[in-house]
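A short write-up of the structure that comes next.
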Amino acid sequence: MTALRIDLAGDKRLKKQLKALQPGPRQRARFHRTTARRVIASAKANIKSQHTVGGQPMAKRKRGTHPVLRKLTAGQRLKAFTGPKRGVVTWQSNRAGKIARAQQDGHTERKTASQAAREGKRRGEPDYSAPATLAQAKALIAAGYRRPTGQYKSGAKAGKSKTRKVSAKRITETMTVGQASRILRILRGKASVKAWDIEIPARPFFGLSSADVVELKRQYINDILNDTRRAA
């Protein structure tokens, strides 16, 4: 009795096809390169449209109407490093990368008065000895500022301070920026703050949507199948 045996016709061709189905270094590197480019393009498109990866509108600025995150992907700030084993998309500078992480995930930053003072010096502090601005004058008037003019000498108000309404012009002519700021703080009942929290809302702009992932998988499989056909 002969042994049971099955001969596979064209077994050499089958081995080549099976080997082609296992992506080699070149295919993996190509896939990582394509994916990295898609991630960069997606990040730029999301920021331009002001939408997150999931298609939701990004959280707006607390002040102003300018678009957010525009500088994060400007020029050549984003770089891709790809190879057979992996692909990485990151920022050229560590500082930009940290900002991107805070914007992507959301972050609470503790700011102190001393830090704010140092940052103010770098930007250039205002001249506190300069004349008060028109904006400060209007703010003082809105807060109820009145100019003291002495005291009542008799009557029910004897000994109490006299005050008079003051014009914005007089404030800018007689007060400095520093004086106006101090008086305004007192009128508004604001004490000097030692530290405060800055809340940065999450704006997930970096990544791929579900549709992008499906498209990349389809493209990857097609590339492997094409290589298999060429190996046939």
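The values are calculated or read from the model by the stated rules, or taken from the named source; none is laboratory data. Being a predicted model, the structure only gives us computed values, none of them experimental. Heads up, the Cβs are rebuilt from the backbone with ideal geometry, glycines too, and the neighbour counts pull from every protein chain shown.
The figures follow:
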| read-out | value |
| --- | --- |
| Where a residue in segment 151-177 is touching a residue at least 40 places away in the same chain (Cβ under 8 Å) and in a loop (DSSP other than H, G, I, E, B) and its partner, wherever it lies, is among the hydrophobic types (A, V, I, L, M, F, W, C) and surrounded by 12 or more Cβ atoms within 10 Å (Cβ to Cβ), with Cβ under 6 Å and at least six apart | M175/A132 |
| In segment 58-100, residue farthest from K48 (Cα to Cα) [restricted to those that are surrounded by 11 or more Cβ atoms within 10 Å (Cβ to Cβ) and among the hydroxyl-bearing types (S, T, Y)] | T82 |
| Filtered residues of segment 72-89 (kept if free of Cβ contacts under 8 Å to residues at least 24 places away in the same chain and under 15 Å from the mean Cα position of the chain (by Cα)) | A74, R77 |
| Pairs with Cβ under 8 Å, 6+ apart, first in segment 100-114 and over 12 Å from E199 (Cα atoms), second assigned to a strand (DSSP E or B) | A100/W91; R101/H107; T112/A195; A113/A195 |
| Every residue from segment 81-112 that is farther than 18 Å from V68 by Cα, touching a Leu at 6+ places or on another chain (Cβ under 8 Å) and of a type in the set (A, V, I, L, M) | V89 |
| Residue that is modelled with the lowest pLDDT, among those in segment 178-209 that are within 31 Å of the chain's Cα centre (by Cα), assigned to a loop (DSSP other than H, G, I, E, B) and charged (D, E, K, R) | K190 |
| In segment 126-164, the residues that are within 45 Å of the chain's Cα centre (by Cα) and β-branched (V, I, T) | T133, I141 |
| Residues within segment 59-93 that are under 18 Å from G207 (Cα atoms), in a loop (DSSP other than H, G, I, E, B) and charged (D, E, K, R), tallied | 4 |
| Candidate set: segment 210-232, residues that are surrounded by 15 or more Cβ atoms within 10 Å (Cβ to Cβ) and either of a type in the set (S, T, Y) or within 24 Å of the chain's Cα centre (by Cα) (or both); chosen: the one nearest to A102 (Cα to Cα) | D212 |
| Those residues of segment 161-183 which are over 13 Å from R147 (Cα atoms) and among the small types (G, A, S), in sequence order | G178, S181 |
